Each structure stands twice: as C-alpha cells, then as structure tokens.
Amino acid sequence: QVQLVESGGGLVQAGGSLTLSCAASGSIRSISTMDWYRQAPGKQRDLVAFITSGGNTHYVDSVKGRFTISRDNAKNTVYLQMNSLKPEDTAVYYCYADIVNQGDYIRRPYWGQGTQVTVSS
C-alpha cells in the first residue's frame with residue numbers, strides 16, 4: 001500500500017519561512033511528477049508547484065520567487081521551501097504524486113492527508 005505523509009506545516013508570521021516535506025512509502029516502482037497543491041477555506045484546491053522526475057519545475061505566478069520545490073528521489077520525498085510568506089498563503093497544503101506500483105506497472109494518483117499552513121499578519 002502506497003501512502004504520502006506530509007509534515008512541516010504550522011503558524012508563522014508574515015515574512016517568515018516554512019519548509020514542507022512529503023514522503024512516499026510502500027510498494028513503489030517509480031514516481032513521476034510530484035506536486036504541491038493548496039486549498040484555502042471556501043476555495044478550490046489549486047496547484048502551487050510541481051517537479052518532474054528529471055527535476056524540471058513549474059510554479060504558479062503567485063509563488064514565483066518565494067517558493068522552491070525540490071525532491072530527493074532516493075528518499076521518495078518532495079519538499080516545498082516557502083519564504084516571504086503572506087497571509088494569503090494560508091491554506092491546507094497537499095502533496096500529490098503519480099506513482100507506479102511494484103508488480104503491476106500501473107501509474108496511479110496519490111494524495112497526502114494535508115498539512116495546515118497559517119500565516120498571521
């Protein structure tokens with residue numbers, strides 16, 4: 001059974017920094033894209049950034065220059081370094097990954113449980 005476990009959320013003042021981590025575990029053959037999404041209260045879940053297995057990255061405009069996504073393929077872990085945080089960054093942050101399971105070669109989508117990030121003004 002594959003699962004994604006996030007950590008690193010919390011409460012921070014505006015201008016501060018946080019680093020989120022998401023580790024994939026279980027019967028994993030390979031992981032392609034790893035993403036971070038966020039969902040603010042009353043809003044839809046939106047993409048924040050993604051990173052391919054080769055290390056190519058993409059960011060939404062609102063976080064460019066402030067957030068950095070990275071991954072450690074040996075640890076099946078993706079990170080989101082968040083700097084210069086703003087109150088509008090407050091949301092539940094979710095990691096997402098496309099994972100091929102051992103034994104069946106089928107790629108499936110997986111979500112983490114979410115971690116709360118709160119930025120106070």
- Quick one: in the stretch 1-19, which of the residues that are closer than 14 Å to Val119 by Cα and in a strand (DSSP E or B) is nearest to the chain's Cα centre (by Cα)? Thr19
- Scanning the stretch 59-69 residue by residue, the ones that are open to solvent by 50 Å² or more (accessible area, probe 1.4 Å) and within 12 Å of the chain's Cα centre (by Cα) total 1
- Might you let me know whether the stretch 39-49 holds any residue that is open to solvent by less than 20 Å² (accessible area, probe 1.4 Å) and in contact (Cβ under 8 Å) with a residue 24 or more places away in the chain? yes
- Item | Neighbours by Cβ (under 6 Å, 6+ apart or cross-chain): first from the stretch 1-20, farther than 21 Å from Tyr110 by Cα; second of a type in the set (Val, Ile, Thr) and surrounded by fewer than 18 Cβ atoms within 10 Å (Cβ to Cβ) | Leu11/Thr118; Leu18/Val12
- Task: Could you please find all residues in the stretch 4-16 being within 17 Å of Val78 (Cα to Cα) and either open to solvent by 30 Å² or more (accessible area, probe 1.4 Å) or of a type in the set (Val, Ile, Thr) (or both)?
- Result: Val5, Ser7, Gly8, Gly9
- When only residues in the stretch 77-118 that are open to solvent by 40 Å² or more (accessible area, probe 1.4 Å), assigned to a loop (DSSP other than H, G, I, E, B) and at pLDDT 95 or above count, which is farthest from Val63 (Cα to Cα)? Gln113
- Working only within the stretch 61-76, note down all residues that are outside any strand (DSSP E or B) and within 22 Å of Gln13 (Cα to Cα). Asp61, Ser62, Val63, Lys64, Gly65, Arg66
- Item | Test: residue in the stretch 78-94 that is over 25 Å from Gln13 (Cβ atoms) and among the acidic types (Asp, Glu) | no
- Please tell me if Asp89 is of a type in the set (Asp, Glu), over 24 Å from Arg108 (Cα atoms) and under 14 Å from the mean Cα position of the chain (by Cα). yes
- Message: Is it the case, given these coordinates, that Arg29 is in a strand (DSSP E or B), buried (at least 18 other Cβ atoms within 10 Å of the Cβ) and not hydrophobic (A, V, I, L, M, F, W, C)?
- Response: no
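Rundown of residues vs (1) of a type outside the set (A, V, I, L, M); (2) within 19 Å of Glu6 (Cβ to Cβ); (3) out of contact with any His (no Cβ under 6 Å at 6 or more places or on another chain), yes/no style:
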residue	(1), (2), (3)
Gly55	yes, no, yes
Val63	no, yes, yes
Arg66	yes, no, yes
Gly103	yes, no, yes
Ile106	no, no, yes
Val119	no, yes, yes
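The values are calculated or read from the model by the stated rules, or taken from the named source; none is laboratory data. Being a predicted model, the structure only gives us computed values, none of them experimental. Cβ: placed from backbone, ideal geometry, glycine included. Neighbour counts: every protein chain shown. Protein only, heavy atoms only, side chains kept; ligands, DNA and RNA dropped before computing areas. Shrake-Rupley method; radii C 1.70, N 1.55, O 1.52, S 1.80 Å.
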